[in-house]
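Colleague: Quick one: structure below, then a few questions.
The values are calculated or read from the model by the stated rules, or taken from the named source; none is laboratory data. Quick caveat: nothing in here was measured; it's all calculated off a predicted structure. Cβ coordinates were reconstructed from backbone atoms using ideal geometry, including for glycine residues, and neighbour counts include every protein chain displayed. Protein only, heavy atoms only, side chains kept; ligands, DNA and RNA dropped before computing areas. Shrake-Rupley method; radii C 1.70, N 1.55, O 1.52, S 1.80 Å.
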Amino acid sequence: GEALFRVEKGEKFSVKTGPVVTQVLGTTFNVFARNNSIKVSCIEGMVGVRHLESRESITLKPNDKVVTQNRGLVSGKNLDKNELAQWVQGEFYFNNTPIGNVFEELQRQFNVKVILEVPENRMYTGVFFNNDLVEALNLICIPMQLKWTKQNGTICSL
């Protein structure tokens with residue numbers, strides 16, 4: 001799942017996601033947890049992130065993120081705002097993301113099944129919006145030279 005939290009300064013609040021605990025230090029932050037991958041992004045204020053297994057701790061400031069990797073944490077800085085929490089407005093940005101992950105998000109947003117013949121190693125950089133399935137499919141498929149059709153709620157290759 002994924003959730004965006006806005007916590008008033010002075011309030012104590014923690015989010016436990018698998019082996020990762022995110023401690024709020026008065027902030028707005030996003031937690032993404034799917035398929036054994038956890039990503040915490042700080043939008044405003046500061047967030048403390050602790051990995052329970054490796055015992056690593058990282059403090060995030062605005063535009064910083066941390067992701068789980070090899071039972072530990074890896075941090076990143078100076079993120080584009082598009083990476084932080086645009087999903088709240090129905091915008092889904094991808095940067096060199098496996099196409100399978102993009103189609104998984106498309107399935108979640110539009111409640112459809114996607115069965116397109118695409119090599120798993122293909123990567124996608126782009127965006128789609130969750131208000132129009134045809135537009136979203138075209139934003140993904142046209143640059144990747146994929147042709148699709150919809151049959152009984154399933155998106156298939158042509």
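Colleague: Mind counting the residues in region 38-65 that are in contact with a Gly (Cβ under 9 Å, 6 or more places away or on another chain) and of a type in the set (A, V, I, L, M)?
Modeller: So the answer is 5.
Colleague: I'd like to check something: does region 27-47 contain any residue that is touching a Lys or Arg at 6+ places or on another chain (Cβ under 6 Å), of a type in the set (S, T, Y), open to solvent by less than 20 Å² (accessible area, probe 1.4 Å) and part of a strand (DSSP E or B)?
Modeller: yes
Colleague: Looking at (1) in a loop (DSSP other than H, G, I, E, B); (2) surrounded by fewer than 13 Cβ atoms within 10 Å (Cβ to Cβ); (3) on the phi > 0 side of the Ramachandran plot, can you tell me which one N96 breaks?
Modeller: (1)
Colleague: Do you know which of the residues in region 16-26 that are hydrophobic (A, V, I, L, M, F, W, C) and open to solvent by less than 10 Å² (accessible area, probe 1.4 Å) is nearest to R6 (Cα to Cα)? Talk me through it step by step, then tell me what you get.
Modeller: Narrowing region 16-26 to residues hydrophobic (A, V, I, L, M, F, W, C): 20-21, 24-25.
Applying the additional criterion that residues be open to solvent by less than 10 Å² (accessible area, probe 1.4 Å) yields 20, 24.
Working: V20: 19, V24: 9 Å.
Among those residues, the one meeting the criterion is V24.
Colleague: When the residues of region 84-93 are narrowed to those that are surrounded by 12 or more Cβ atoms within 10 Å (Cβ to Cβ) and more than 18 Å from I140 (Cβ to Cβ), which ends up modelled with the lowest pLDDT?
Modeller: It comes out as L84.
Colleague: Same structure again: Select from region 120-140 the residues that are outside any strand (DSSP E or B) and touching a residue at least 12 places away in the same chain (Cβ under 8 Å) and list them in ascending order.
Modeller: E120, N121, R122, N130, N131, L133, A136, L137, L139, I140
Colleague: Follow-up. Output yes when any residue across region 60-71 is more than 22 Å from E105 (Cβ to Cβ), open to solvent by 50 Å² or more (accessible area, probe 1.4 Å), in a strand (DSSP E or B) and modelled with pLDDT of 85 or more, and no when none is.
Modeller: no
Colleague: Taking region 132-158, which residues are on the phi > 0 side of the Ramachandran plot and open to solvent by less than 100 Å² (accessible area, probe 1.4 Å)?
Modeller: G153, the sole residue that qualifies.
Colleague: Out of region 101-119, which residues are modelled with pLDDT of 90 or more and outside any helix (DSSP H, G or I)?
Modeller: N111, V112, K113, V114, I115
Colleague: Show the residue pairs meeting these rules: Cβ distance below 7 Å; 6+ apart or different chains; first residue within region 104-116 and free of Cβ contacts under 8 Å to residues at least 24 places away in the same chain; second residue open to solvent by less than 60 Å² (accessible area, probe 1.4 Å).
Modeller: Listed pairs, sorted by first residue: E105/F92; Q107/V114.
Colleague: Taking region 1-13 on its own, how many of its residues are part of a strand (DSSP E or B) and open to solvent by less than 60 Å² (accessible area, probe 1.4 Å)?
Modeller: From region 1-13, those part of a strand (DSSP E or B) are 2-6; that's our starting set.
Subset that is open to solvent by less than 60 Å² (accessible area, probe 1.4 Å): 2-5.
Looking only at that region, the number is 4.
Colleague: Only one of these is free of Cβ contacts under 8 Å to residues at least 24 places away in the same chain and closer than 23 Å to L4 by Cα: G76, G90, G48. Name it. Give the steps one after another, and end with the answer.
Modeller: Working: G90 fails: free of Cβ contacts under 8 Å to residues at least 24 places away in the same chain; G48 fails: free of Cβ contacts under 8 Å to residues at least 24 places away in the same chain.
G76 is the lone residue from the list that is free of Cβ contacts under 8 Å to residues at least 24 places away in the same chain and closer than 23 Å to L4 by Cα.
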